[in-house]
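**Student:** The structure under discussion is supplied below as structure tokens; questions concerning it will follow.
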Amino acid sequence: MPDLTLFLGGDVMTGRGVDAILPTPGPYELREPAVRDARDYVDLARAANGPLPRPAPPAWPWGEALDLLDELNPDVRLVNLETTVTSRGTHAPAKTIHYRMHPQNLACLTAARLDVCALANNHILDFGPVGLTDTLDALAGAGIATAGAGRDAASAGGPARIPAGQGHDLLIWSVAAPSSGVPPSWAATAGEPGVAYLPEVSAASANALAERIAAAAGPGDRVLVSVHWGTNWGYDVPPGHVDFAHRLIDAGVDVVHGHSSHHPRPVEVYRDRLVLYGCGDLIDDYEGISGQEEYRPHLRLLWLPTLDTATGVLRRLRAAPMRTRRMRLEHAAPDDSHWLAELLSGFGPPFAPGFTVAPDRLLTMPPR
């Protein structure tokens with residue numbers, strides 16, 4: 001295959017209200033200041049957009065995205081999974097928001113035929129080391145590779161390796177920064193499970209990560225780094241994030257896959273390589289929650305970059321605009337698609353301009 005097309009998704013949160021509508025929900029109890037029952041999030045979605053099936057089929061949250069992905073047929077499918085897959089463990093005591101999906105609802109993830117889940121984020125230890133190891137076991141049993149969390153520092157800090165054709169592999173690293181809410185105590189150690197923790201987003205941390213990548217990646221491998229960083233809201237990209245991404249690409253990384261924000265952040269093409277500073281949420285139970293309407297957080301994007309398999313150069317970038325309604329992804333309305341295209345085109349240098357809505361309803365950048 002001369003080209004390699006990826007599906008890159010932002011945060012996938014199949015716990016709490018989403019788990020509550022699936023066939024085998026876990027405990028409904030929450031420890032949040034304002035909401036104590038996961039079914040309250042279902043009620044918010046129902047009040048906003050109408051009734052939901054109870055139970056919903058496992059594929060329900062993906063909705064119309066599944067047929068679209070089948071049509072576009074990306075070679076590798078990667079999301080940031082911000083939910084433990086466990087029925088055990090204890091609530092992380094220093095947190096108020098906890099996500100877990102019952103293991104018997106794992107078909108919600110396999111329905112999307114995911115190849116890799118990035119796990120370095122601020123929810124993967126919501127139910128402690130037991131919840132993390134259950135998640136690792138569940139995903140491995142389903143044939144989904146993981147990166148960014150593991151039973152020790154070596155496994156958490158290593159890459160997922162996916163065949164990319166023509167003798168090439170795609171190597172995927174996942175790391176998490178404290179700015180996204182990951183506590184330092186979650187860092188994997190030589191003898192304890194945890195995440196690949198990035199103590200700071202800095203030149204030093206970029207250089208250290210680049211050294212680990214260089215030690216593992218062969219000359220024909222393609223490399224992606226998935227980074228959980230930054231705040232939930234706002235379009236500003238800190239200069240340190242830009243410098244971090246540039247240093248990784250200068251060292252041979254082909255794609256920087258950023259996430260944590262609840263909405264899309266700017267996109268950059270640097271030295272013909274793609275940097276997504278924030279993919280935005282993909283699946284969650286936030287429907288009906290008010291307070292950030294200016295960001296249109298109900299809009300979602302399936303990112304679809306196409307790389308030259310031999311060189312890693314970005315050949316084409318498309319993004320499928322979706323909206324969440326009744327906890328299910330649907331195609332976005334034309335007005336919303338044009339709003340997203342204008343948003344992504346309007347951030348100014350160094351960010352990528354020129355997004356338009358193509359006849360097939362996908363957002364596109366000019367061909368490279």
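**Student:** How many angstrom lie between the Cα centre of segment 1-38 and the Cα centre of segment 181-212?
**Tutor:** Using only Cα atoms, the two centres lie 25 Å from each other.
**Student:** Given the convex hull over the Cα atoms of segment 85-155, what projected area results after averaging over all orientations, in nm²?
**Tutor:** Details: hull surface 18.5 nm².
Result: 4.6 nm².
**Student:** FRET efficiency for R161 and R88, Cβ-Cβ distance as r, R0 = 30 Å, nearest 0.05?
**Tutor:** Numbers: r = 29 Å, r/R0 = 0.97.
With R0 = 30 Å, the Cβ-Cβ based efficiency is 0.55.
**Student:** Which one of R328, R212, R300 has the biggest mean-square fluctuation once the chain is modelled by GNM with Cα springs under 10 Å?
**Tutor:** Maximum among the listed residues: R212.
**Student:** Using only the Cα atoms of segment 1-79, each taken as one equal point scatterer with no solvent, compute I(q) by the Debye sum, divide by I(0), and report log10 of the ratio at q = 0.20 Å⁻¹.
**Tutor:** Debye output, listed in q order: -0.96.
**Student:** Okay, moving on. Would you calculate, for the chain, the mean residue ellipticity at 222 nm contributed by helices, counting each DSSP H stretch of 4 or more residues as -39,500 (n - 2.57) and dividing by all residues, to the nearest 500? Intermediate results must be reported in sequence, preceding the final value.
**Tutor:** Numbers: 9 runs with 85 residues, N = 368.
Calculated from helices alone, the mean residue ellipticity at 222 nm is -6500 deg cm²/dmol.
**Student:** Can you put W173, W233, W60 in order of accessible area, largest first, using a 1.4 Å probe?
**Tutor:** On the way: W173 5, W233 80, W60 40 Å².
The residues order as W233, W60, W173, largest area first.
**Student:** Report the label-to-label distance for E293 and N232 in nanometres (one decimal), using points 7 Å from each Cα along the Cα→Cβ vector.
**Tutor:** With each label placed 7 Å out from Cα toward Cβ, I get 1.9 nm.
**Student:** Rg to Rh ratio, the chain, alpha-carbon atoms and Kirkwood radius? Provide the component values of the computation, followed by the final result.
**Tutor:** Numbers: Rg = 19.0 Å, Rh = 20.3 Å.
Using only Cα positions, Rg/Rh for the chain is 0.94.
**Student:** Would you mind getting the accessible area per residue of segment 3-365, heavy atoms of the protein chains only, 1.4 Å probe, in Å²? Walk me through the intermediate numbers first.
**Tutor:** Details: 13120 Å² over 363 residues.
Value returned for segment 3-365: 36 Å² of accessible area per residue.
**Student:** Between Y28 and D67, what length comes free when the chain is fully extended (0.36 nm per residue of separation minus the Cα-Cα distance, one decimal in nm)?
**Tutor:** Details: separation 39, 0.36 × 39 = 14.04 nm, distance 3.09 nm.
The span from Y28 to D67 would gain 11.0 nm if fully extended.
**Student:** Using a basic spin-label model with each label point 7 Å from the Cα along Cα→Cβ, how many nm lie between S185 and Q104?
**Tutor:** For S185 paired with Q104, the spin-label model returns 3.3 nm.
**Student:** For the chain, which whole percent of the accessible surface, found with a 1.4 angstrom probe, sits on carbon and sulfur atoms? Intermediate results must be reported in sequence, preceding the final value.
**Tutor:** Working: 7150 of 13610 Å².
Answer for the chain is 52 percent, counting heavy atoms of protein chains only.
**Student:** If you consider only alpha-carbon coordinates, what radius of gyration and Dmax does segment 12-155 have, in Å?
**Tutor:** Radius of gyration, then largest Cα-Cα span, for segment 12-155: 15.2, 47 Å.
**Student:** While we're here: R0 = 30 Å: FRET efficiency of R316 with N207, Cβ-based, nearest 0.05?
**Tutor:** Details: r = 31 Å, r/R0 = 1.02.
FRET efficiency, R316 to N207: 0.45.
The values are calculated or read from the model by the stated rules, or taken from the named source; none is laboratory data. In this text, all values refer to a predicted model and were calculated from it rather than measured experimentally. A quick note on method: Cβ atoms are made from the backbone with ideal geometry, for glycine too, and the neighbour counts reach across all protein chains shown. Side chains are part of the model used for accessible areas, which takes the heavy atoms of the whole protein and leaves out ligands, DNA and RNA. Shrake-Rupley method; radii C 1.70, N 1.55, O 1.52, S 1.80 Å.
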